[in-house]
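To start, the structure under review is shown below, and the notes come after it.
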Amino acid sequence: MTLRDGMARELLEEAPPYIVCSGLFKIYKVADLEVVALRGLELNVRPGEIIAIVGASGSGKSTLLNILAGYDTPSAGTVRVGEYDLLNMTNREVVDYRRREVGFIWQETSRNLFPYLTALENVELPMVLTGLPPKARRQRSEELLSLVGLSQRMHHTQAELSGGEQQRVSIAVALANKPPLLLADEPTGELDDETSAAVLDLLNRVNRDLATTIVVVTHDPAIASSVGRAIAIRDGKTSTETLRRVSFEKRIGGQAEDVEEFLLVDSSGSVQIPRNILDKLAIGRRVRVAETDGKVTLESGGE
Ligand SMILES: Nc1ncnc2c1ncn2[C@@H]1O[C@H](COP(=O)(O)OP(=O)(O)OP(=O)(O)O)[C@@H](O)[C@H]1O
Ligand SMILES: [Mg+2]
């Protein structure tokens, strides 16, 4: 029985959240201009969950992921991952957090690996930083490369690997120090459909077999439909959530079933009404709200 199945899955859903973002703001200042990349984002992720973050270009996906990775600090709000309060960490704690708690996969395949090192050496490197003895490092590297199906490519450097193989090595590198959290920013952005599907299957397998919590940012609807929960970001806030009650096996095959889509309500009661509904009902600046028989209806309130 795995974490994904039956009772174990229900226990997982009851578990306190592992990632908590609440009222998260990120404001970038460029010359005299302020860019609000995140505006009051709220997100909870349970331990052992795999979720996709989807959204248009510029909606704040990478900003969120970089904050969760400890590469960037938010301007305001709460962000907690496990025991770490990411808003109040010393530089030392940030370094510790990045080394032990998170593995990160960049969209640009070239950014994940050192080109002059072999696959094996790339996977060993993060363990050198945490001080694991050489023999144990070598053994774990070999295990990880076998996990990602690259036992036959251990001594290849980046230039001697295909794009998909490079991303699989990147996943092995990200898992080197057994992080409880894996963050991947568009990990299949540069790959063709078939290779993307293989990388995705691998992430689902890692999630199931190692119980690693995984957050994947993607433009790719195929990724969004092969994880249990996909959350859409719009204008720096989480707006909708799509849930799929799918077994691991079906998910691997990409067959979605039992799909439910929700609007998310933030802690102040705000929801983002989808643009197509706003347009269709000519909803402008205000709506009339009514509650009847346990249902809420919204109606255009004119100009
Ligand atoms: N370092 C920065 N300085 C200034 N503005 C930034 C910076 N990084 C991001 N932004 C701005 O913040 C907003 C969100 O950017 P972000 O990179 O998070 O978007 P994204 O959803 O990842 O987009 P994409 O899908 O294109 O990768 C954008 O308007 C972007 O221009
Ligand atoms: Mg991005």
Using helices alone, what [θ] at 222 nm do you get for the chain, with -39,500 (n - 2.57) per DSSP H run of 4 or more residues, divided over all residues and rounded to the nearest 500? -9500 deg cm²/dmol
What does the C-alpha gyration tensor say about the overall shape of the chain? Classify as rounded when a/c is under 1.5, otherwise prolate if a/b is larger than b/c, or oblate. prolate
Using the Cα centre of the chain as the reference point, and only Cβ charges (+1 on K/R, -1 on D/E), how large is the resulting charge dipole? Debye, rounded to the nearest 20. 520
Would you mind ranking Ser170, Ser268, Ser59, Ser75 by Cβ crowding within 10 Å, fewest neighbours first? Ser268, Ser75, Ser59, Ser170
As a footprinting exposure proxy, order Asp279, Asp266 by other Cβ within 10 Å, with the fewest listed first. Asp279, Asp266
Among the listed pairs Lys26/Lys237; Lys61/Lys280; Lys61/Lys237, give every one whose C-alpha distance is greater than 20 Å. Lys61/Lys280
Just the number, please: percent antiparallel of the DSSP beta bridges in the chain, rounded to the nearest 5. 65
Among 143-155, 90-102, 22-34, what's the highest-first ranking by average C-beta atoms within 10 angstrom per residue? 143-155, 90-102, 22-34
For the chain, averaging the sequence separation of alpha carbon pairs under 8 Å that lie six or more residues apart and dividing by its residue count, the contact order in percent is 20
Sort Asp293, Asp220 so the one with the fewest other Cβ atoms within 10 Å of its own Cβ comes first. Asp293, Asp220
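Only the coordinates and a few stated rules stand behind these numbers; no lab work does. All of these numbers come straight from a predicted model, not from anything done at the bench. Cβ atoms come from the backbone with ideal geometry, glycine included; neighbour counts cover every protein chain shown.
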